[in-house]
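Derivation of every value follows stated rules applied to the coordinates shown; laboratory data play no part. Only a predicted model underlies this, so the values are computations on that prediction, with no experimental measurement involved. Because the Cβ atoms are built from the backbone with ideal geometry, glycine has one as well, and the counts that use them run over all protein chains shown.
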Amino acid sequence: MHRILQLISFLALVGVILPPALYLAGTLDKGPMATVMIISTLAWFASAPFWMERKG
């Protein structure tokens, strides 16, 4: 389960970084870019806290 959550988090980060680059390249419109980024952000916040370690 730990690895699956890490994979989801990684894919979510790609979903936040890649769409603006595609938008700047002219291959993705603003609406779909925003949709992918919002879904990716929610996926990251839903998956990352369960595998990240707290220190302190």
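The table for this structure:
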item	result
Likely footprinting exposure, THR41, THR27, fewest C-beta neighbours within 10 Å first	THR27, THR41
Qualifying chymotrypsin sites (Phe, Trp or Tyr not before Pro) for the chain [loop in DSSP, other Cβ within 10 Å: at most 11]	none
Karplus (6.51, -1.76, 1.60) ³J(HN,Hα), θ = phi - 60°, over the stretch 38-54, in Hz, Gly and Pro reported as x	5, 4, 5, 4, 5, 5, 5, 5, 7, 9, 5, x, 7, 10, 6, 8, 9
Diffusion coefficient, µm² s⁻¹, Stokes-Einstein with Kirkwood Rh over alpha-carbon pairs of the chain at 10 °C and 1.306 mPa s	133 µm²/s
Ranked list, fewest to most other Cβ atoms within 10 Å of each Cβ, for MET33, MET1, MET52	MET1, MET52, MET33
Förster-model FRET efficiency, 22 Å R0, ALA34 and LEU11, C-beta, rounded to 0.05	0.75
Helix axis angle, 2-25 relative to the chain longest principal axis, alpha carbon, degrees	20 degrees
Which of LYS55, LYS30 has the fewest Cβ neighbours within 10 Å, and the rest in rising order	LYS55, LYS30
